[in-house]
């Protein structure tokens, strides 16, 4: 694959169609899903003269998407409903609990040394 093909594929990947899904309508309510899109690319080249002659090339592109939420359209009123990532909430709670336990342990050790 040459560089122009890679650029064309990257451009096709980063379109509004990737961010907003197809609208879904039922019972007078329209729902439009939305996502967060992120991407990155890479490149390369090479030519070594001397002890290890050779040629090189490279390239790459990646796209990732995570749900962001949905727009709900009902009776001309548009509302945003964010997607909730419960795994992040649970992880955050665990981090807070660990920090709290470490603080309590440090306080208990200091009190024990004073006695």
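The values are calculated or read from the model by the stated rules, or taken from the named source; none is laboratory data. As the structure is a computational prediction, the values presented were derived from the model and not from experiment. Cβ: placed from backbone, ideal geometry, glycine included. Neighbour counts: every protein chain shown.
Miscellaneous remarks
- Which listed residue is more than 33 Å from the chain's Cα centre (by Cα), outside any strand (DSSP E or B) and at pLDDT below 90, from 52, 105, 109, 47: 52
- Residues that are over 15 Å from the mean Cα position of the chain (by Cα), part of a loop (DSSP other than H, G, I, E, B) and modelled with pLDDT of 75 or more within region 59-84 comprise 75, 76, listed in sequence order.
- Once region 14-30 is narrowed to residues that are assigned to a helix (DSSP H, G or I) and surrounded by fewer than 14 Cβ atoms within 10 Å (Cβ to Cβ), the residue that is modelled with the lowest pLDDT is 16.
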